[in-house]
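Everything on this sheet refers to the single structure shown next.
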Amino acid sequence: MFPELNNLLNTSPDRAEQGKLTLLCAAETDGSFLVHHFLSFYLKANCKVCFVALIQSFSHYNIVGQKLGVSLTAARERGQLVFLEGLKSSVDVFFQAQEKTHPLHFLREANAGNLQPLYEFVQEALKPVDSGAAAWRCPVLLVDDLSVLLSLGVGAVAVLDFVHYCRATVCSELKGNLVALVHDNGDAEDQENDILLNGLSHQSHLVLRAEGLATGFCKDVHGQLRILWRASQPTAQRGRSLTFQYKIQDKSVTFFAKGMSPAIL
């Protein structure tokens, strides 16, 4: 995780909030550093994590996690992390006979809109365990990223329904958290993407929007991050918005006020 980002959000692993939906949005830039932050954050917070990874392999996330001080391999072995490797699982669905209960079975359907098996996978992964097993702080669902479902032919309404059921189970029933990444491709004619983004924004407690610089590439400033606390937050934070620029380094991310990068002072 990135301590500077924790400071901006006024949080830490030992006092992580519960029952929250956090939307990560990437607009014309790579927002994966936010995914890696929250994955390592909740593992360090001793939470049970279900990670639906539709973009990269397990080894990729594990390598980055080790740089941030967590071992995904160890977390999976002790039962803290349930990892759905979308890339590998999709190959199995396409080229091997799979039960209709497979989380990604919708890939074989003519109408790719039935995400119920994926929801049931999440539900099973995060269901409360017997008291004799390891006691985790709270369940967390992390999805990287929901935009992939749109590109695979799933409608925005079906994805929003999936998030609604996951939120009802994870956030409301189990008092856990849900974190999901969505890409904003900037295409005004992409109605499905707009529906998904707008629907998730209205449901979210916190929105982190990573954006590319309007001036283009810069080796010392990689982008800017907009932080928005939605109306569902306490009065002190309700509707509050902050914007910072950032530079991604090997094991950390540095944040600074717009125009205040050390490289231009």
- Can you name the condition, by its number, that V64 falls short on among (1) under 19 Å from the mean Cα position of the chain (by Cα); (2) within 21 Å of A125 (Cβ to Cβ)? (2)
- Query: Going through segment 150-170 one residue at a time, which ones are in contact (Cβ under 8 Å) with a residue 12 or more places away in the chain and among the hydrophobic types (A, V, I, L, M, F, W, C)?
  - Reply: L150, L152, V154, A156, V157, A158, V159, L160, F162, V163, C166, V170
- Task: Could you pull out the residue among F38, F106 that is buried (at least 18 other Cβ atoms within 10 Å of the Cβ), aromatic (F, W, Y) and either modelled with pLDDT under 95 or over 15 Å from D144 (Cα atoms) (or both)?
- Result: F106
- Would you confirm whether any residue within segment 89-103 is surrounded by fewer than 15 Cβ atoms within 10 Å (Cβ to Cβ), at pLDDT below 85 and β-branched (V, I, T)? yes
- Message: Can you tell me which residue is farthest from V163 (Cα to Cα) among those in segment 221-247 that are of a type in the set (D, E, K, R) and at pLDDT 80 or above?
- Response: K247
- Would you point out the residue of segment 191-214, among those that are more than 15 Å from L146 (Cβ to Cβ), surrounded by fewer than 20 Cβ atoms within 10 Å (Cβ to Cβ) and of a type in the set (A, V, I, L, M), that is modelled with the lowest pLDDT? A214
- Might you check whether a residue that is surrounded by 18 or more Cβ atoms within 10 Å (Cβ to Cβ) and under 20 Å from L228 (Cβ atoms) occurs anywhere in segment 59-78? no
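A quick yes/no check of all residues on (1) farther than 27 Å from K127 by Cα; (2) under 15 Å from the mean Cα position of the chain (by Cα); (3) without any contact (Cβ under 8 Å) to a residue 60 or more places away in the chain; (4) not in a strand (DSSP E or B):
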{"residue": "V148", "(1), (2), (3), (4)": "no, yes, no, yes"}
{"residue": "S172", "(1), (2), (3), (4)": "no, no, no, yes"}
{"residue": "L178", "(1), (2), (3), (4)": "no, yes, no, no"}
{"residue": "V182", "(1), (2), (3), (4)": "no, yes, no, no"}
{"residue": "S201", "(1), (2), (3), (4)": "no, yes, no, yes"}
{"residue": "T215", "(1), (2), (3), (4)": "yes, no, yes, yes"}
{"residue": "D220", "(1), (2), (3), (4)": "yes, no, yes, yes"}
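The values are calculated or read from the model by the stated rules, or taken from the named source; none is laboratory data. Every value quoted in this text rests on a predicted model; they were computed, and no experiment measured them. For neighbour counting, all protein chains shown are included, and Cβ atoms are generated from backbone atoms with ideal geometry for every residue, glycine included.
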